[in-house]
Every structure is written in structure tokens, then in C-alpha cells.
Amino acid sequence: MLTKYRKTCGRYLRTVKHLQARQIYKRIQYKISRPRPDCRPPPQLRAYAGTWQTSIAKKPSYIPPATMTLLNETHEISAQTIWNDPELALLWRYHLHYFDDLQATNAAEKITEHQTLIKRWIRENPPGIGCGWQSYPLSLRIVNWIKWLLTGNLATKAMRHSLSVQVCYLRRRLEYHLLGNHLLANAKALIFAGCYFQGKEADHWLNLGLKIYQRQLREQILADGGHFERSPMYHSLILEDLLDVINVLHTYALPTPDYLCQSINAMFTWLQAMIHPDGEIAFFNDSTLQQAPTFAELLAYAKQLGSQPKLTPISPATTLAQTGFVRVALDSNVLLLDTGSVGPAYLPGHAHAGTLSFELSLAKQRVLVNSGTSCYQLNTLRAYQRSTAAHNTLSIDGENSSEVWHRFRVGRRARVFAVNVEHNQDDTVVVEATHNGYQHLGNVIHHRRWRVSADEMEISDEITGEGVHDVRLWYHLHPTCKVAQIKGNTVIITTTLASDRHIVMVLPEDVDISVQPSEYYPQFGVAVANQTIVGVTKTQLPYSMITAITWKQQ
């Protein structure tokens, strides 16, 4: 019992020590202080000076009169208690409060039904009560309601009043205890409300939102254009937010700050490097499909707003030094590598223990993939999806390279160093990186080297340190790929999308090889059967091994 207590205390200390002092203070304040809702009459509306451009449409989720499908999970929502039903996952309830269906592709067919649903929300969610009044869902709902009104729908007196109450409440509950993408979402809601309403108070909301954006974008968008939480999904969501802000400022003929355009250009450049040939994002950290717009949708939206992002041509080797990712593109094949930290020290909540993992696409087919993200609940599945074993890298003694725990917490963190990327004259690319995430196991250090050409890749793993350790290699296949044969240390892989593609993986001779049934999580609430190739050895350190992967057309 005492040992378990010490272990738990140590984990908390390793987590909390990275927080900023203001986060701790604001967290306490956020927990104990509940502002009294301000129910004064709403400000007057600001007159349009331009035209709202149709924003990126969402996938329909509401089937009138009372069915909602969110995160690939469907529930009947006629009961008043549905908004805060503890039997439903918190993330599902959050999405219920977002009102994303107001922006659905078929929203114009459901105007009356949406009006009824909005009236229901106002009636069944008294100010300040329930998860719908938490700051993040509050922020997204404010924006969705205002977007819906900007498309020509009429606001009732009750809706305008509710919007004003919501914004006033949010203004006093900004998420400075979390920072990151949450605070940016809060700022976006203030900007939208400050544009929609007019007067001294509305101007304060607008100016505060822009001030937060200016300060936070300077910190959160790194020099390589990536968002500092290192999640391609959240990066895409924030880029959409910036485009929405440009849209609403244009609608009211308000000036567009230069820093918004600069951030948008940089973020497009980063995102272009972090997508597979199929046009979708890579699964590093908390990332999944169908939650954020695609690169193509974002680019089309930017052009619709009159913006022409200056995209840098993709080179054979693209290094995103600040976020720590590397893209290798030779012929039609793409390798994406994670050679960076788990995220900002004070905000690693969306980080996975996937240091030195990678994803591989051959032509437009994903072959080796990280496992993805399908839930945020506190359960064994969430723990697995954040674990080292769910990524294409190696684990030692069954531990994670970074101490991911709970839903969004990280204690001990792997530090990556000695990163080097070379594009050689023979048209090969060599990437090297080292991390110390297992140093506590006996000064254990993991060094990985990828050597990539147009038709093969060699992965060299060198582990230094002391003692005897269990080492496990993990290679996760996309569901369209299957192991056809294992002969000795050679694995033959077939693909369903390209029958002429011949993939051969040769693992180290001194490891025990097995193919395990596993799952791939491409969306929230979705699990698809796949296979994982596992290589296991128990060895004295130092130890080195090589995995060779070749692909050629027959």
C-alpha cells in the first residue's frame, strides 16, 4: 500500500511540476468561483457591412424530431435530462451542446427543427447549470448560433438574450487554467459575439478576443507553422477557427490584423507537410478523422475568403524543427516521423507516448499506421491508444516512453535530442534522433535511424544502458494490409488496394516474431480490425537491431 501511495504521489509531482503558476491559481479559481449569470437585456445588433461567406459544412448529426448521431454514437434526445445524462460520455454530451448541426450540409432543410432545438436548449439549460455552461462547449455553441444567424436565419428575442447571457458568462470563465486550444476557442467566441452585437460591452468582447489571439498565437503557433500541442487534428481545427474569424471580420467590415494572416499562411505550410497522399492527416497524438476539415476543404475556404496561402513546394525531406516532425517524400511514397517532444511542458494533455514513431504510405495507401484515437473516456482503451505500444516504435520493459496517465495527463516526459536529417546525392534520406524516455530504467537511451529510398527503408534501433531488459518492436498495419506469410524473420505483407504491391519486412534474427490481432481507430467511436507485427527479445544492453522494409511492384 505504501509503495503504491509513493508511486501515485511521484506521478502527480512529475505532472504538476510542469504547470505554470497562473494555471494552478486559475484552476483553483475556476473550481471554487461560479459567477452569477448576467441576465440583463442584450446589446443592440451591429449592422452588416458585408456578406458572410458560407463556412465549411459539417456532417449532419441531427435527425428530427429527437435523434442525434455524434462521434458515431446515436441517442434519442427527447428527454430533458439528455443534456447532462451521466450515462453518456462527457465528450458526447459536449458535442450535443455544440450545435454543429446548424452548420450541416443539409441545415437549410431543418430550419424549423433547429429553431425548436434552440428553444429547447434555452428552456432546459438554465444559466450556469450543467455541462453546456462549461467554457469550451459554451464557446463552440456561441459561434455556431451566430454563424446560423449570419446565414439569414432570424433570432428570436429569447435567443438574442440567451446569446448575451452566454457570452457574459464565458467572459468571466475564460480557460486560463488550461490555455492552449481551449483559450483560443474562448477568444473566437468573444470575437464573434463582439462583431454580432454592438456597443461598449460588445467592443470590449471583440477587443479582448483579438488581444488573446494576438498574444496566444505568438506563443502557440511555432516557427515551423505548427500548433504547439502537436496534434494535426487540433491544428486543423484552429486553422478553421482563424479562417472563420477572418470571415466574420469581413462581414462587418472590421480590420483584419496582420498576425491572423501570417498565422494562417504558416499553418497551411505545416499542415501540407503533415498529410498523407490520401489527403488526410497523420495520426500523431490525439488525431482522428471526421472531426476537423481536410486540408483541401481548408484551402478551398481560404480561397473563398480571398486568401491565397503561400504554400512551399514539398521537398524530398521536410523538417518541421519546432514541432519535431519530419516528412520524407520519395516518388509517390511518404514517410512521416515523430522526432519531437510531447508538446508544451505545461500542456501535454493531447500527447501520446509515440516518440520516434512513424507512419508510411505507399502511393495513396497507408501501410504502417499509428493506432489512432477513438475516445477520451477514462478507461483502458484511452490508456492503450496513448501508449507506446499503440505506435510504430519500441517499448522497454512494458513501459511507455512518456508517462501518459489519466485522460490528459503526462508525468515523466521523453526528451528528444541529436535530431539530424540528410538528403543524400544518391536520393536517399537519412533521419536520426535519440530520446531518453527510458532513462529511469537504468540509464536507457533509445537511438533510431531511418534510411529511406524510393523502394526500401531500413530502421536501425540502438539501445544503450545497463542491465537486462525486455524490448518490443511494434509495427501496426493499416486494415487494408495483411500478413500473408511469415518465414523465419521475414514477413510478407499484401495490400487490398494494390495487388501488384509486394511488401517484405525483415526483422532482426534474434527477436521472436508474432502477428497479433489488433484494432485501428480512424474515428471517434470506430474500431477496425487490423494486424500488428510484434518483435520481442530479452537482452543485455547495449543492444542494436535493424528492420528492413522493401516494396516493389511485381
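The values are calculated or read from the model by the stated rules, or taken from the named source; none is laboratory data. Because the structure is a prediction, the values reported are computed rather than measured. Please note: Cβ atoms are built from the backbone with ideal geometry, for glycine as well, and neighbour counts cover all protein chains shown.
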Response to the item:
Going through the stretch 281-320 in order, the residues found to be in a helix (DSSP H, G or I) and either surrounded by 18 or more Cβ atoms within 10 Å (Cβ to Cβ) or of a type in the set (A, V, I, L, M) (or both) are Phe295, Ala296, Leu298, Leu299, Ala300, Tyr301, Ala302
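In the stretch 205-220, is there at least one residue being of a type in the set (Val, Ile, Thr), crowded, with 21+ Cβ neighbours inside 10 Å and not in a loop (DSSP other than H, G, I, E, B)? Step through it out loud before you land on a result.
Start the filter on the stretch 205-220 by keeping residues that are of a type in the set (Val, Ile, Thr), which leaves 212.
Of the ones still in play, those that are also crowded, with 21+ Cβ neighbours inside 10 Å are none.
No, the stretch 205-220 contains no residue that is of a type in the set (Val, Ile, Thr), crowded, with 21+ Cβ neighbours inside 10 Å and not in a loop (DSSP other than H, G, I, E, B).
Does Leu163 satisfy the condition of being more than 28 Å from Ile221 (Cα to Cα) and either buried (at least 18 other Cβ atoms within 10 Å of the Cβ) or touching a strand residue (DSSP E or B) at 6+ places or on another chain (Cβ under 9 Å) (or both)?
On the way: more than 28 Å from Ile221 (Cα to Cα): yes; either buried (at least 18 other Cβ atoms within 10 Å of the Cβ) or touching a strand residue (DSSP E or B) at 6+ places or on another chain (Cβ under 9 Å) (or both): yes.
Yes, satisfied.
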Worksheet item: Under 7 Å by Cβ, and 6 or more places apart or on different chains, what pairs join a residue from the stretch 89-107 that is farther than 29 Å from Arg407 by Cα with one that is modelled with pLDDT of 95 or more and acidic (Asp, Glu)?
Response: Ala107/Asp101
Worksheet item: Before we move on, is Ala418 at pLDDT below 95, of a type in the set (A, V, I, L, M, F, W, C), touching an Asp or Glu at 6+ places or on another chain (Cβ under 9 Å) and assigned by TED's automatic domain parsing to the domain that holds Ala363?
Response: no
Worksheet entry | Thr323, sole failed condition from (1) under 16 Å from the mean Cα position of the chain (by Cα); (2) at positive phi | (2)
Discussion item. Just to confirm my filter: which helices (runs of 4 or more DSSP H) fall fully inside the stretch 135-197 and include at least 1 residues that are out of contact with any Ser or Thr (no Cβ under 8 Å at 6 or more places or on another chain), of a type in the set (Lys, Arg) and over 29 Å from Lys26 (Cα atoms)?
Written reply: 157-171
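On the given criteria, is Leu206 closer than 24 Å to Ser33 by Cα and at pLDDT 95 or above?
Numbers: closer than 24 Å to Ser33 by Cα: no; at pLDDT 95 or above: yes.
Criteria not met by Leu206.
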Worksheet item: Does the stretch 254-263 include one or more residues that are aliphatic (A, V, I, L, M), in contact with a Lys or Arg (Cβ under 8 Å, 6 or more places away or on another chain), farther than 30 Å from His276 by Cα and surrounded by fewer than 22 Cβ atoms within 10 Å (Cβ to Cβ)?
Response: no
Worksheet item: So, in the stretch 243-280, of the ones that are under 30 Å from Arg46 (Cα atoms), of a type in the set (A, V, I, L, M) and not in a helix (DSSP H, G or I), which residue ends up farthest from the chain's Cα centre (by Cα)?
Response: Ala253
Fill in: Complete set of residues in the stretch 519-528 that are surrounded by fewer than 20 Cβ atoms within 10 Å (Cβ to Cβ) and under 16 Å from Tyr475 (Cβ atoms)
Glu519
Practice prompt. Return yes or no: is Ala498 touching a strand residue (DSSP E or B) at 6+ places or on another chain (Cβ under 8 Å), modelled with pLDDT under 95 and either in the same structural domain as Gly437 (by TED's automatic domain parsing) or surrounded by fewer than 19 Cβ atoms within 10 Å (Cβ to Cβ) (or both)?
Written response: yes
Item to complete: Within the stretch 76-96, track down each residue that is under 23 Å from the mean Cα position of the chain (by Cα) and closer than 12 Å to Tyr62 by Cα.
Response: His95, Leu96
Item to complete: Exactly one condition in (1) touching a strand residue (DSSP E or B) at 6+ places or on another chain (Cβ under 9 Å); (2) not in a strand (DSSP E or B) is not met by Asp426; state its number.
Response: (1)
Worksheet item: Is there a residue being at pLDDT 95 or above, in the same structural domain as Phe99 (by TED's automatic domain parsing), more than 20 Å from Asp85 (Cα to Cα) and out of contact with any Phe, Trp or Tyr (no Cβ under 6 Å at 6 or more places or on another chain) anywhere in the stretch 137-144?
Response: yes
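Among residues belonging to the stretch 29-46 that are among the hydrophobic types (A, V, I, L, M, F, W, C) and in contact (Cβ under 8 Å) with a residue 40 or more places away in the chain, point out the one that is farthest from Val410 (Cα to Cα).
Step one: of the stretch 29-46, the residues among the hydrophobic types (A, V, I, L, M, F, W, C) are 32, 39, 45.
With the extra rule that they be in contact (Cβ under 8 Å) with a residue 40 or more places away in the chain, the set shrinks to 39, 45.
Working: Cys39: 40, Leu45: 45 Å.
Filtering first and then ranking leaves Leu45.
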